[in-house]
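Asker: Sharing a structure here in structure tokens format.
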């Protein structure tokens, strides 16, 4: 929860998140601890994009370059003259043209004319010229832009008899190519009588030879080979001419076709009859080999909404991709899609792939449909219906506050378990209008920003539901470094792979790129955050590399080699954790990243058989991670290591059934709760928005284990401004009944007094943090009234901590207190200064990005959670003038728990320099316990950032801790939770932990004559720990009907740890102690005989 609170405030301060036209309006940021949730804070001003209204009625008209402008000569990355491509008009050579509309020359580097070169003129239509980039990076496919071709005469001259653009005018492309030369592309404008005749210079270059093989490996003559250019995706529209390239050739008797050489990446694909090759993508060398395979057909019908009122044409496109082993391969793209039927498209059949069909483009909401690999020769038909969506303006700026002209934004959301996204680029002024996404999900969006030379940035969980004509979202990007290197497998180059980098300073900052057709395994990864980053490479078919850490400098290149790690096969089984029954059809995916904040997969999905058994390949000596899911069960993440050991155990995975979750509201004066509703905050464990019934009850069906955050809105005030956020960690066997007071509990009054001489700001918000009576972490959000006062009576915890904030995210005051007789009044503010806390490493250098969790032993309220800035500093408001404690968490450096802070001073320093490791080996019934988890206790409270899960060997590890004593809590479903203290030094061996399984006990007390004895009190003591069961009952760890026999002489206990217990009869003098044994996973029944008077 508090991590989310910190994340929200900190990231939005640096991003200067929202700029608004019109009236000043403040929306209070609401935060969720641990989930890393970021919300919007709206800084209203009068500024809007220069010369352009931030409106939602028009995605932007075409912006055509000045007719007098002529670009210089450009060597196109992918620009090959379309030869014999359908839709290209042929015009006679220049010698037959009396009055050519466009004429010029093709020459070699010495200025000599080149005869027989093919020159293609492509008219850039209004759709091509709109500032909204219509193509995503790496897309390819045929285009319908008007184009004509001629061949040069004996002196290299060419001319086009007429303008092929009909009513289209303005920009066009000229592209010249010939076997033995490298293609050149030139952009110009028409008509432009003052512009000189274009001269296209071709440099000598050998052709690209494409060999086509049949499925048996033999050469295939008469196959059609098509070559496409790609949008390089590097920024400005004028650099994207490669996307207009499309040519074809037929293979000769040797199964070969030749194409003019081009700089950069290209795509080649072959077909013959009903066989199609996979598209080959990359930077070709001398030869490219394509192998034909079976295919299937895709067709369908498209229905589009009406947007005629927008006076906007836009462009829709249909993309088909296949995901295999974590890499997404583009198979086809159709541009300028209109309503009606499409296809049939003939697509290659890929085993163990998931195919995706994407219908997208302004102003429709993207539609995504998927299907698994169909049979060879089959047909797939889809009905795609799109709806009209809404836009948002986004601005990426540099550190000087200037708009980044070549920036790009991707808005992402999830609906019905399907991930959707829209990607748009900046217009010539640097404004990005992302269109379209649905209003219904606009309150929970993710944004990814990218720009050449800048750090790619992910901003999660944003509320973009504001009116599109009122606000724009602005984010600041930092300048980036570059990582250059090679990907190898056993020393040999890898051709197709993905490289991922994640900043160790901020886990939301990452760069990821797929590389195709790299014969030498080379890659250049742009947009990498300066500083310490973790790098990993992966492929669809082999285990990923082990993560390596490198230091990247701004504006510089860092060279690395990423070596894929060999693996082996491991067997395992997936069972129901409640019954032990095997789970057939469970799905297992191999996670690319082990420690990074990224969800990537490699290899095909694996499914368990009827016995729940599976075999998974690619398991390494170093840790590998598996993600296991099954319908009706909570998912599980299992870490597997030591797989190369000859005695490696089978992987035993337990999944636990989904269970209901019930939430009950209490205390509302009217007694009618029908206007209250809940919104889910955690995208990893999303719950649908739902309303309460009039009695205050809400029930979710099928909720899995995990960490949840829910936001409660209703008649307390405007949604998201007056609300209660509560978070909780659901174990597979934990209680699923939550009670949240919204009134009728402790009454809190907060008075805020601004510093002397300052007026009360127009709107001042506050956050009230507390634990509910059930131990749930909660935050009440609201606004002070005009007198600086806020009152609420929904707090059912004993203590609170409050912070007061203004719209510019400045914390004005903070403090806490304890309720006395149900009342608490806090007076905050005045001339107070924050406490200055610095976190340094072993060398005394500041450490940015450290999560700091404060704990006050004298308070029962949740402590503040903050993060160190670039200087390793946090400013803490409202610290009591006594010793408090801080838990520190940093991804690379590790954990320090309960570091003391002398808050009587104005500043302090803590050193984070872990020098030891803490390992637990957790077992149950003499077997490793994979379902076990553990966390560290800090001053008696659970430190959620320290939570760790057992791996396949039952090992739980904290690899970076400081030496000292630790209080550890270990739990597992259907097992007794154990708390114990362990001493850690630099050479401590793993600590063995045995968790006892749970069982139930039913006792019957009888007399010596065998009659039931009611009203008999007993004392029950666990012989292993020496603990009285009475204490467990009082702590609600054990459910019981009491320690006195009922009218039938019976007593019952649920959830006792297995083992032996002593039974005493305190009310019977001289009664002997009797011993019983509670068995696991069953109800133990025993009869106790006692002498009665």
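Asker: Specify the inter-centroid distance of segment 576-639 and segment 1000-1076, based on alpha-carbon positions, in whole Å.
Answerer: 43
Asker: Let me ask you something else. So between residue 439 and residue 763, what do we pick up on full extension, going 0.36 nm a residue minus the alpha carbon distance?
Answerer: 113.9 nm
Asker: With runs of 4+ DSSP H residues as the only contributors, calculate the mean residue ellipticity of the chain at 222 nm using -39,500 (n - 2.57) per run, divided by the residue total and rounded to the nearest 500.
Answerer: So the helix-based figure for the chain works out to -500 deg cm²/dmol.
Asker: Figure the gain on full extension for residue 907 and residue 253 (residue separation times 0.36 nm, minus the Cα-Cα span) and round it to one decimal in nm.
Answerer: 227.3 nm
Asker: How high is the relative contact order of the chain, given as a whole-number percent (alpha carbon pairs under 8 Å, six or more residues apart)?
Answerer: 7
Asker: Based on the Cβ-Cβ distance from residue 478 to residue 731, what FRET efficiency comes out when R0 is 41 Å, to the nearest 0.05?
Answerer: 0.55
Asker: Let me ask something additional. Mind giving me the FRET efficiency for residue 375 and residue 549? R0 is 45 Å, r the Cβ-Cβ distance, nearest 0.05 is fine.
Answerer: With a Förster radius of 45 Å, E is 0.45.
Asker: Here's another thing I want to ask about it. Assuming a ≥ b ≥ c are the square roots of the Cα gyration tensor eigenvalues, decide whether segment 916-994 counts as rounded (a/c under 1.5), prolate (otherwise, with a/b larger than b/c) or oblate.
Answerer: Note, shape of segment 916-994 comes out oblate.
Asker: A further question on this structure: If each Cα of segment 349-401 is one equal point scatterer, what is log10 of I(q)/I(0) from the Debye formula at q = 0.18, 0.25, 0.29 Å⁻¹?
Answerer: -0.74, -1.00, -1.14
Asker: Follow-up. Counting only DSSP beta bridges with both residues in segment 481-564, what percent are antiparallel, rounded to the nearest 5?
Answerer: Within segment 481-564, antiparallel bridges account for around 75 percent of the total.
Asker: Note the angle between two axes, namely the Cα long axis of helix 2-15 and the longest principal axis of the Cα atoms of the chain, as a number of degrees from 0 to 90, rounded to the nearest 10.
Answerer: Helix 2-15 sits roughly 30 degrees off the main axis of the chain.
Asker: A further question on this structure: Over segment 746-829, what relative contact order in percent results from Cα pairs under 8 Å that are six or more residues apart?
Answerer: 40
Asker: Could you sort the peptides 434-445, 364-375 by per-residue average Cβ neighbour count (10 Å cutoff), highest mean leading?
Answerer: 434-445, 364-375
Asker: How many nm separate the modelled label positions at residue 988 and residue 621, each set 7 Å beyond the Cα in the direction of the Cβ?
Answerer: About 2.7 nm, to one decimal.
Asker: In nanometres, what is the gap between the two model label sites at residue 607 and residue 647, each 7 Å from Cα along Cα-to-Cβ?
Answerer: 3.7
Asker: For 937, 449, which order do you get if you count the other beta carbons within 10 Å of each Cβ and list the fewest first?
Answerer: The fewest-first ordering by Cβ neighbours comes to 937, 449.
Asker: If you don't mind, another one. Once R0 is set to 51 Å, what does the formula 1/(1 + (r/R0)^6) return for the Cβ-Cβ distance between residue 416 and residue 1086, expressed as a FRET efficiency to the nearest 0.05?
Answerer: So the FRET efficiency works out to roughly 0.50.
Asker: Could you check the simple spin-label distance between residue 587 and residue 126, using points 7 Å along Cα→Cβ, in nm with one decimal?
Answerer: Distance between label points: 4.3 nm.
Asker: So how do 517-524, 765-772 stack up, highest first, on mean other-Cβ count within 10 Å?
Answerer: Most protected by this proxy first, the peptides run 765-772, 517-524.
Asker: Given the C-alpha centroids of segment 532-560 and segment 289-364, what is the distance between them in whole angstrom?
Answerer: A separation of 32 Å, based on Cα centres.
Asker: Determine the distance separating the Cα centre of segment 652-688 from the Cα centre of segment 446-482; give it in Å without decimals.
Answerer: Value for the Cα centre distance between the two parts: 31 Å.
Throughout, read-outs are computed from the coordinates displayed, never taken from laboratory work. Just so we're clear, the structure is a prediction, and the values are computed from it rather than from any experiment. Backbone-built Cβ (ideal geometry, glycine too); neighbour counts: all protein chains shown.
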